[in-house]
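Each remark here refers to the structure printed beneath this line.
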Amino acid sequence: MLLGAGALGLLLIHDLASSPWAALACLMLSFVGLVVAGRGSGRLSAASILLVAAFLRLFLVPLPPSLSNDVWRYLWDGRVALARENPYRLEPEDPELLELRDEVYERLDHREIPTIYPPLAITLFSICAGLPASVWIWKLWVVTADLLGCWFLLRLARRKGLPLSRTIWYAWNPMVALETAGMAHVDAVGVAATVAAVLLLVR
């Protein structure tokens, strides 16, 4: 399966920022696999769609977040909230947060800017920031949220009488899997919440 081969290639490259052309080639291979799968996906069940989606994401969890350092800002903002400080008032370089500085702080960009993330996201960040192996815990949370979004999407397709196979364009999308499981972006939580809201509105 080309989707799996592309994901395996990304996993073997590991540090994608150091080999951008190889990473791009693997993504292109995965997208070819997605198109091929889409043309022959007429009778896919919801369980099989979710199973492949989970496989693609869990396969990429071991990747380091080399294409984005947003996850470090998530954990920093969560740590600030855990310390009962205000991440909307204090930027990372503020002297009041000197005691919190460590390797997470060293990985931050834009240390002169307070957080831009909404309160619910800060709450989620703070839960993970207080746990050991916080990056991996956060990645698993993002993957769980994204798979929940896929499930909501399947339910929405069924409720609207649409073919379940249409959901693979999101559920099996290589870029979605990479940006959620690999780079650990919080957007997956927003996607799941949005699809859930639409599902509740559609009769």
Condition met for residue 148 (surrounded by fewer than 19 Cβ atoms within 10 Å (Cβ to Cβ), in a helix (DSSP H, G or I) and aliphatic (A, V, I, L, M)): yes
Which one of 54, 47, 83 is closer than 24 Å to residue 186 by Cα, without any contact (Cβ under 8 Å) to a residue 60 or more places away in the chain and among the aliphatic types (A, V, I, L, M)? 83
Does residue 203 fit the bill of being assigned to a helix (DSSP H, G or I), basic (Lys, Arg) and either modelled with pLDDT of 95 or more or surrounded by fewer than 21 Cβ atoms within 10 Å (Cβ to Cβ) (or both)? no
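So that you can scan it fast, the table gives a plain yes or no per residue for (1) over 21 Å from the mean Cα position of the chain (by Cα); (2) open to solvent by 70 Å² or more (accessible area, probe 1.4 Å):
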| site | (1), (2) |
| --- | --- |
| 95 | yes, yes |
| 102 | yes, no |
| 132 | no, yes |
| 152 | no, no |
| 167 | no, no |
| 178 | no, no |
Checking residue 110 against (1) at negative phi; (2) under 25 Å from the mean Cα position of the chain (by Cα), the condition it does not meet: (1)
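What's the total number of residues in the stretch 1-33 that are open to solvent by 50 Å² or more (accessible area, probe 1.4 Å) and in a loop (DSSP other than H, G, I, E, B)? Reasoning before the result, please.
Of the residues in the stretch 1-33, the ones open to solvent by 50 Å² or more (accessible area, probe 1.4 Å) are 1-2, 8, 12, 14-15, 17-18, 20-21, 24-25, 28-29, 31-32.
With in a loop (DSSP other than H, G, I, E, B) added as a condition, the list becomes 1, 14-15.
Residues meeting the conditions: 3.
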Residue by residue through the stretch 35-72, note down the ones that are part of a helix (DSSP H, G or I), open to solvent by less than 40 Å² (accessible area, probe 1.4 Å) and either at pLDDT 90 or above or touching a strand residue (DSSP E or B) at 6+ places or on another chain (Cβ under 6 Å) (or both). 46, 48, 49, 52, 53, 54, 56, 57, 60, 71, 72
Scope the stretch 73-93; condition open to solvent by 30 Å² or more (accessible area, probe 1.4 Å) and in a loop (DSSP other than H, G, I, E, B); matching residues: 83, 84, 85, 86, 88, 89, 91, 93
Single residue of 168, 127, 113 found to be closer than 14 Å to residue 80 by Cβ, of a type in the set (A, V, I, L, M) and not in a loop (DSSP other than H, G, I, E, B): 127
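Only one residue in 161, 190 is open to solvent by 50 Å² or more (accessible area, probe 1.4 Å), over 22 Å from residue 6 (Cα atoms) and free of Cβ contacts under 8 Å to residues at least 40 places away in the same chain. Which one?
On the way: 190 fails: open to solvent by 50 Å² or more (accessible area, probe 1.4 Å).
None of the other options fit; the residue is 161.
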Just to be sure I understand the filter: pairs with C-beta atoms under 7 Å, separated by 6 or more residues or on different chains, first member in the stretch 124-139 and more than 17 Å from residue 57 (Cβ to Cβ) and of a type in the set (Ser, Thr, Tyr), second member open to solvent by less than 20 Å² (accessible area, probe 1.4 Å) and in a helix (DSSP H, G or I). Which pairs pass? 126/78; 134/75; 134/128
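The values are calculated or read from the model by the stated rules, or taken from the named source; none is laboratory data. No experiment lies behind these values; they were computed from the predicted model shown. Using ideal geometry, Cβ is built from the backbone for each residue, glycine included, and neighbour counts are taken over all protein chains shown. We work out accessible area using only protein heavy atoms, side chains counted, and drop any ligands, DNA or RNA first. Shrake-Rupley method; radii C 1.70, N 1.55, O 1.52, S 1.80 Å.
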